[in-house]
Amino acid sequence: MSAKISVSKPSSLPKKAMKDAIVRHLHCSLGTDENKANNHAWWKATCASVQEHVLEQLRKTQKSHYMNDTRAVHYFSAEFLMGRLMSNNLHNLGLFEQTDQALKELGVNLIDIMEEEPDMALGNGGLGRLAACFIDSLATLDMPAVGYGLHYEHGLFRQDIKNGEQIERPDSWRDYGNPWEICRPESIQEIPLYGYVETKYGESGKIKKEWHPGLIVKGLPWDIPVVGYGGKTVNVLRLWQSQASSYFNWDVFNAGGYVDAQRENVQAETISKVLYPNDETEAGKELRLIQQYFFSACSLKDIIRRYKRAHGDNWNRFSSQVVIQLNDTHPAIAIPELMRILLDRAELDWDSAWKICSKTFAYTNHTLLPEALEKWPARMFEKILPRHLEIIYEINHRFMSEVEKVWPGDNAIKQKLSIIEEGNEKMIRMGNLSVIGSFAVNGVAEIHSSLVKKNLFPEFHEMWPNKLTNVTNGITPRRWLKACNPKLSALIDEKIGNDWPLHLEKLEQLSEFADNVKFQKQFMKIKYENKVTLAKEVLALTGIEINPKAIFDVQIKRLHEYKRQHLNLLHIMALYRRLLENPNYVMQPRVFIFGAKAAPGYKLAKDIIYAINQVADKVNNDKRVNSKIKVVFLPNYRVSLAEKIIPAADISEQISTAGLEASGTGNMKLSLNGALTVGTLDGANIEIAEEVGDENIFIFGLNVDEVRELDEVGYNPFDFYYNNKEIKAVLDWLETDYFTPGKPGALASIKRSLLEGGDPYKVLADFESYSDAQKKADKAYGDKSGWAKMAILNTARMGKFTSDRSIRDYVEKIWQLQPCKVE
Ligand code: 26Q
């Protein structure tokens with residue numbers, strides 16, 4: 001077969017061609033050979049061989065989109081949590097088997113070399129991973145789409161655990177190069193910052209504004225190809241790296257200011273240096289605003305350059321060709337930036353410019369937590385983006401006239417809806433700006449979207465009843481089942497055929513086998529084997545031995561009080577106490593597995609990590625209980641670690657205070673892999689319960705209305721402390737030095753926050769109900785066949801949560817895109 005045919009039909013590429021390509025890259029790209037190469041070299045050579053196919057499809061995709069003059073979505077996100085790409089790209093191209101075989105013949109293990117790839121950890125958690133799942137689905141569904149973000153030099157910090165405490169170290173994912181990315185110096189953009197605005201009067205007496213920036217930085221794009229499943233459409237994720245603009249600094253240099261020039265270089269290059277952790281105490285930092293503007297402005301210029309190539313200076317079709325999705329408010333500055341371009345550069349009048357602008361943007365909200373809603377000091381705007389501040393004032397002024405028409409004379413409503421928050425320090429509210437400047441606003445799960453309408457933006461909802469909507473989140477089944485759980489995937493293929501990764505609703509056909517004892521055994525055997533594999537990993541990473549026959553109970557997510565890892569911990573301590581008090585206490589052996597990073601400035605979150613590790617240390621080494629309970633904190637939780645934990649999980653902990661987790665997506669991944677949820681009626685848990693049925697999930701705790709009612713009557717955590725012996729005992733235990741020998745009180749901050757601190761997340765109010773749910777789960781696990789049936793039904797009923805469905809919802813409700821097939 002000729003090479004040409006094998007490229008256009010990647011899945012039929014013979015193993016020999018792949019083998020030859022890998023050896024060729026070892027020799028010609030890496031300057032080594034089969035005898036000298038280590039795993040890292042084999043990994044790089046394999047990437048380079050795969051990338052040949054990727055780039056061929058990328059070229060075809062771009063040609064096809066250009067020829068068809070397609071409308072495209074531009075997904076603006078400060079975070080893309082891509083993880084590793086090799087396994088995903090191989091599966092999506094249909095090259096996994098051939099590559100595995102080719103490497104085997106070369107004496108190399110594919111699974112081993114995949115471990116060489118550093119995670120692309122360019123995100124904090126859910127929001128960043130959602131962006132990664134969405135661009136996978138967009139390419140899979142042949143949708144014209146570009147992801148735009150920042151090319152951080154350092155992604156989310158690496159977490160080490162030292163004496164039980166989190167230590168942050170820099171993440172250096174590109175130290176040895178990234179074989180997937182392509183540098184595009186031909187598409188560099190220049191971005192102005194600082195300076196002042198000059199008001200000029202044109203011939204016709206028309207006012208013209210001219211921004212004289214104080215600094216110009218360059219944006220250098222790096223393209224990461226995004227391969228759709230089936231290997232046809234390959235879209236790009238374009239990430240901007242900041243660089244000093246050499247021409248701008250030249251004057252300083254000539255004036256003898258070599259050191260000054262260097263200082264400006266450093267400043268420019270700092271912009272894309274590091275990803276901010278989602279740390280409340282870090283909010284309002286100047287560099288973060290510059291990051292947001294930098295990538296939004298680069299991306300807009302890039303979009304406009306491409307638009308002009310097809311449509312020249314005619315702006316009439318802009319909003320029919322371009323839709324921009326704002327992933328939270330982080331890129332909301334793109335709204336005044338597009339206005340600035342249309343007003344000051346294209347010289348459109350305000351109304352025409354606003355019409356285009358407000359038909360271009362759509363905004364996704366990911367949080368109701370008031371402290372997480374972005375605000376920037378107007379003073380900071382004035383310094384960094386003086387022209388944008390003027391435009392924001394004008395947008396607000398005109399919007400206030402609209403509000404006046406709807407609620408004449410109502411200043412309270414005006415104050416609430418204004419983009420400007422008056423007060424000691426004037427602030428710009430990015431949420432209000434985003435709602436006003438977008439044609440659609442969505443929440444990420446049904447309950448969340450209804451709370452966005454009811455509590456967060458009720459007046460906006462009244463003004464524009466069709467603007468606010470819901471798109472429930474989803475996850476890509478290619479990464480989160482097919483690639484990470486190959487054994488279960490093979491079993492599913494055998495039972496229902498192999499097209500479920502594209503049509504996840506077909507998993508429903510598995511429910512037919514849920515009562516079949518043979519299938520139950522096959523399903524649970526795979527779960528057991530996955531647990532054995534994870535147990536080995538746990539031993540290697542922590543030195544802790546765990547029993548794969550025990551229940552693997554998993555809570556993996558960022559550490560936050562509202563996610564309530566401390567509720568889980570208090571329950572573990574209660575179990576420990578029960579076992580010490582009654583050595584015959586009946587329970588299934590259970591391994592509690594945690595993975596979580598705390599924001600570096602979030603003291604209590606770090607205290608909770610420390611507490612988990614101290615309790616783990618005690619329990620794991622206590623002969624009286626350690627055949628029944630083990631506690632494992634896996635350091636440096638990240639996408640590639642999630643891929644190992646999720647296939648081995650029996651229980652999924654989704655225990656946030658009702659009303660606070662916008663959606664959650666780990667809940668979907670775990671259930672898809674046959675874990676049963678212990679969870680509150682919060683976020684997407686509610687929709688998961690609807691899908692799997694109440695008998696296949698363990699729901700507990702206050703619901704959203706009950707949480708509100710409790711607040712209204714006045715919640716007093718001391719009531720629970722004094723009325724529940726177990727709660728009192730475990731909280732008091734935290735204050736002793738039992739878990740921190742020689743350091744009494746080292747865990748007391750947790751107790752304090754739950755009592756004197758008022759227990760803002762209702763941990764004590766939900767404790768008893770949580771403990772009951774855990775007893776039910778424990779009992780259910782004792783019935784092997786019953787449990788297997790529930791696990792199978794979880795997998796079978798996750799069809800709704802494919803990110804392909806989310807993307808179809810966005811396409812129909814918001815983006816109005818047409819697919820564009822690539823040969
Ligand atoms: C803000 C200001 C300064 C620095 C950082 C930030 C920042 C960064 C990231 C604030 C928030 C984030 C990330 C939020 C996030 O991940 N939210 C999650 O989004 C998921 C996808 O919709 C949901 O499933 C989760 O429920 C939600 O918590």
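The values are calculated or read from the model by the stated rules, or taken from the named source; none is laboratory data. A quick note: this is a predicted structure, and the numbers were derived from the prediction, not measured. Here the Cβ is made from the backbone with ideal geometry for all residues, glycine too, and neighbour counts use every protein chain on show.
Tabulated values for the structure
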item: Where a residue in the stretch 305-331 is on the phi < 0 side of the Ramachandran plot and its partner, wherever it lies, is surrounded by 23 or more Cβ atoms within 10 Å (Cβ to Cβ) and acidic (Asp, Glu), with Cβ under 8 Å and at least six apart; result: Asn327/Glu79; His330/Glu79
item: Single residue of Arg379, Arg429 found to be of a type in the set (Lys, Arg), surrounded by fewer than 16 Cβ atoms within 10 Å (Cβ to Cβ) and either out of contact with any helix residue (DSSP H, G or I) (no Cβ under 7 Å at 6 or more places or on another chain) or farther than 27 Å from Glu280 by Cα (or both); result: Arg379
item: Test for Asp759: is it surrounded by 18 or more Cβ atoms within 10 Å (Cβ to Cβ), at pLDDT 95 or above, among the charged types (D, E, K, R) and not in a helix (DSSP H, G or I); result: yes
item: Wholly enclosed helices (runs of 4 or more DSSP H) of the stretch 76-145 bearing at least 1 residues within 16 Å of the ligand (Cβ to nearest atom); result: 126-140
item: Selection within the stretch 711-746 - under 22 Å from Asn582 (Cα atoms) and without any contact (Cβ under 8 Å) to a residue 60 or more places away in the chain; result: Asn723, Asn724, Lys725, Lys728, Asp732, Thr736
item: Residue under evaluation Ser489, criteria (1) within 28 Å of the chain's Cα centre (by Cα); (2) loosely packed, with under 15 Cβ neighbours inside 10 Å; (3) farther than 30 Å from Ile608 by Cβ, criterion not met; result: (2)
item: Search result, residues across the stretch 182-241 that are acidic (Asp, Glu) and within 36 Å of the chain's Cα centre (by Cα); result: Glu186, Glu190, Asp223
item: Number of the exception - Leu275 against (1) crowded, with 20+ Cβ neighbours inside 10 Å; (2) more than 21 Å from the chain's Cα centre (by Cα); (3) not acidic (Asp, Glu); result: (2)
item: Asp328 vs. criteria within 16 Å of the ligand (Cβ to nearest atom) and among the acidic types (Asp, Glu); result: yes
item: Criterion violated by Val73 - all others in (1) away from the ligand (no atom under 16 Å from the Cβ); (2) part of a loop (DSSP other than H, G, I, E, B) satisfied; result: (2)
item: Test: residue in the stretch 304-312 that is surrounded by 21 or more Cβ atoms within 10 Å (Cβ to Cβ), at pLDDT 95 or above and closer than 27 Å to Leu85 by Cβ; result: no
item: Output for the stretch 658-693, where each listed residue is under 18 Å from Leu641 (Cα atoms) and either in a loop (DSSP other than H, G, I, E, B) or without any contact (Cβ under 8 Å) to a residue 12 or more places away in the chain (or both); result: Gly664, Thr665, Asn673, Gly674, Ala675
item: Leading residue by the ranking (nearest to Ala440 (Cα to Cα)) among those in the stretch 350-385 that are in contact with a Leu (Cβ under 8 Å, 6 or more places away or on another chain), without any contact (Cβ under 8 Å) to a residue 40 or more places away in the chain and not aliphatic (A, V, I, L, M); result: Ser352
